[in-house]
1. Subtract the Cα-Cα distance of Ile193 and Lys294 from 0.36 nm times their separation in residues, and report this length gain in nm to one decimal.
2. Treating only the Cβ of Lys, Arg, Asp and Glu as charged (+1, +1, -1, -1), what charge dipole size does the chain show about its Cα centre? Round to the nearest 20 debye.
3. Just to be sure I understand the model, the point goes 7 Å from the Cα along the line to the Cβ. What's the resulting Glu457 to Glu316 distance in nm?
4. With a sphere of radius 15 Å drawn around the Cβ of Gln226, what net charge do the other residues whose Cβ falls strictly inside it have (Lys, Arg +1; Asp, Glu -1)?
5. With r defined as the distance between the Cβ atoms of Arg444 and Arg116 and R0 fixed at 51 Å, what FRET efficiency is calculated, to the nearest 0.05?
6. Got a sec? Charge dipole of the range 312-395, +1 on Cβ for Lys and Arg, -1 for Asp and Glu; which of Met320, Ala334, Met352 is way out at the positive end?
7. State to the nearest 20 debye the size of the charge dipole of the range 1-118 about its Cα centre, where the only charges are +1 on K and R beta carbons and -1 on D and E beta carbons.
8. How far, in nm, would the chain grow between Glu353 and Gln171 when pulled straight, counting 0.36 nm per residue and subtracting the alpha carbon separation?
Amino acid sequence: MFSKETYIRRRAELKRLVGSGVILLPGNNESPANYPANAYSPMRQDSTFLYYFGQHREGLFALIDVDNDEEWLFGDDIDIEDIVWMGFVPSISDLAAEVGVTKTAPFSKLKETVKRSAANGQSIHFLPPYRHDTKILLTDLLGFRPDEQKERASVAFIKAVVKMRSTKEPQEVEAIERACNVGYEMHTTAQQIICPGVTERYVGGQVDGIARSRAQGVSFATIFSQHGEIMHGNPSDARLENGRLALCDAGCELDDYCSDNTRTMPVSGEFTQRQLEIYSIVEACHDYVLEVAKPGVKYADVHFAVCRLMTDRLKELGLMKGDTDEAVRAGAHAMFFPHGLGHMMGMDVHDMEGLGQIYVGFDDETRPNLEQFGTNCLRMGRRLEPGFVVTDEPGIYFIPHLIDLWRKEGHCKEFLNFDLLETYKDFGGIRIEDDLLITDDGCRFLGDKRIPYHPKELEEFMLLPF
């Protein structure tokens, strides 16, 4: 939790941006895993609620009456039964005071307060809900069915939150740096325990254990797989095999802020020549972003600059052919790189994605292209500003079913060497990812130490005693 003044200042700015009406900010409840008393642990508070009210306790709901300049925290104080099982926690009024809120009420008073505001003709602002219990509560409060709520969410509220949370305060950057430092431990541990015969699940479990012991936990489900061509390949019981590549995409959450890194490693500890040829292309694309990402530049333009570099290098290997610009315009590069260069990151690993990517990664000037394969997965395209934190995560993947489909359809055949692609079906995939802070005159990677990724450095590091 930051200082009381931080939350007071943030709420004042939110009121200024939204302008009028009543703002609803539901907190999260515990989520049962398989029966009510066995909840997923630890409980994860809603990020926007945390941003403006800072409290992690379940069962809270905040209301801001912009017109009357009132801020309320609703919730129920615990009783002796709760204390027996969970220990004592502060009262709702004490929690409110910690973040500069003076008005509190039991949860049972929430509905009549919202109804009174609506009856007085005040606009009711809420964000698109993503949890079913919140959707049910909003149905009870406002009368909107769950399938209507995304459309009825307040665009003014969404835009205000995106404007504020996109630009990270120095204290937020410091929190992300701390998470990145734990991320360094997670990934370097994976790099040093990888060897033939160890299971994917074992390595993934060691990575997760560091996040649980050094931070609040993982920022998303750890991806660790020899099938790097699968974007979200979770650890299986498969044993690591000599000659294969293993991809680890993992991060932690610490002090409510996230890290997100990816590294790809040779199981044997040494790249083959063919692996090194592809890896060096991804490495060059990853590093090129440092040269071109800066304030005022669209991240979509950075993405396509990387795509052109990747296409040029793949042409040198004979995997692609033809004019580079035409190939990229046609989307031929998406055979190898079917996702965007990166996404916003902060309190959420895909920061604010639940508010709608059209507002978070795009704006009135920069619109998404939802029609073209690959480009439709570009999550971040808008102009960069100082204080933005985005991921830089180029990758090259050889997806057998995609190769077969495009070959059968003749898709982009003038730019792709399908005969050579056939010989790469057993390759897997490579991705290198770091977290990037946009500065006043350029950008820099976050974290005190860089997780090894340059080939020689990586091979030498993997040989060090663990």
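The values are calculated or read from the model by the stated rules, or taken from the named source; none is laboratory data. All figures in this text were calculated on a predicted structure; none of them were measured in a lab. Backbone-built Cβ (ideal geometry, glycine too); neighbour counts: all protein chains shown. These area figures cover heavy atoms from the full protein model, side chains too; ligands, DNA and RNA do not enter into them. Shrake-Rupley method; radii C 1.70, N 1.55, O 1.52, S 1.80 Å.
1. Result for the pair: 32.7 nm of gain on full extension.
2. 660 debye
3. Placing both labels 7 Å along Cα→Cβ, they lie 2.0 nm apart.
4. Taking every other residue near Gln226 into account, the sum is 0.
5. So the FRET efficiency works out to roughly 0.55.
6. Looking along the dipole axis, the top candidate is Met320.
7. The dipole magnitude comes to about 460 debye.
8. Extra length available between Glu353 and Gln171 comes to 63.3 nm.
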